[in-house]
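Chemist: One structure follows; several queries about it will come next.
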Amino acid sequence: MNRQPLSGLGLAMRAGKLVTGDEIVTKAIRSGEAKLVIVAKDASDNTQKKFRDKCGTYNIPLMVGFDRERLGNSVGKPERVVMALIDQGFADMIRKAIVKTSEVEYIE
């Protein structure tokens, strides 16, 4: 398994360039601050649809992958269902690392 995307999320969190939580991520999408939104693959269908629709409306790249436990562990928090990178450099780094792994089901 390629750990690079998950360790990149940890780096982004420590740098203050990643936000988590439904309301905070939604606010980042609406403000245009979000550069890449990540939703856990074990999030509910409603949550996945909500963020697919929201990201589609605001033209923000979305990735569905990993499970909530691994996403949380990667940023040193309990389980996380949704997070957003708010820095283009980190978003690009994660997207490039994601291409190398098969654990991501959906990215646009």
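Chemist: Please report the accessible area of E69 (heavy atoms, 1.4 Å probe, ligands and nucleic acids excluded) in Å², nearest 10.
Modeler: Accessible area, nearest 10 Å²: 110 Å².
Chemist: From the helices alone, meaning DSSP H stretches of at least four residues, give me the mean residue ellipticity at 222 nm for the chain, per-run term -39500 (n - 2.57), in deg cm²/dmol to the nearest 500.
Modeler: It comes out at -15000 deg cm²/dmol, rounded to the nearest 500.
Chemist: Can you give me the accessible area per residue for the chain, using a 1.4 Å probe, in Å²? Spell out each step's value before the answer.
Modeler: Working: 5690 Å² over 108 residues.
That works out to 53 Å² for each residue.
Chemist: OK, next. Which of these, D87, D67, D53, has the largest mean-square fluctuation under a Gaussian network model of the chain (Cα springs below 10 Å)?
Modeler: Taking springs between Cα atoms under 10 Å, the residue moving most is D53.
Chemist: Show me, for region 41-58, the HN-Hα J-couplings you get by feeding each phi into the Karplus relation (A = 6.51, B = -1.76, C = 1.60, θ = phi - 60°), rounded to Hz, glycine and proline as x.
Modeler: Each residue's phi maps through the Karplus curve to give 5, 9, 5, 5, 4, 5, 5, 4, 5, 4, 6, 4, 5, 5, 5, x, 4, 9 Hz.
Chemist: Shifting gears a bit: Sequence-distant or interchain residues sharing an amide H contact under 5 Å with L62, placed H: which?
Modeler: For L62, the qualifying residues are V37, E108.
Chemist: Leaving out ligands, DNA and RNA, what percent of the accessible area of region 42-104 is carbon and sulfur, probe 1.4 Å?
Modeler: Numbers: 1450 of 3270 Å².
Carbon with sulfur: 44 percent of the solvent-accessible area.
Chemist: Per residue, what volume in Å³ does the Cα convex hull of region 23-91 take up?
Modeler: Values: hull volume 5.3 nm³, N = 69.
Measuring per residue, one finds 77 Å³ for the Cα hull of region 23-91.
Chemist: So, one more: Amide H to amide H under 5 Å from E33: which residues, 5+ apart in sequence or cross-chain, H placed 1.01 Å off N in plane?
Modeler: Here nothing satisfies the definition.
Chemist: Step through the residues of region 78-89 one at a time and calculate ³J(HN,Hα) from phi using the Karplus curve (6.51 cos²θ - 1.76 cosθ + 1.60, θ = phi - 60°), rounding each to whole Hz and writing x for Gly and Pro.
Modeler: x, 2, 10, 9, 9, 8, 9, 7, 10, 9, 5, x
The values are calculated or read from the model by the stated rules, or taken from the named source; none is laboratory data. These figures come from a predicted structure and were not determined experimentally. Only protein heavy atoms, including side chains, enter the accessible area calculation; ligands, DNA and RNA are left aside. Shrake-Rupley method; radii C 1.70, N 1.55, O 1.52, S 1.80 Å.
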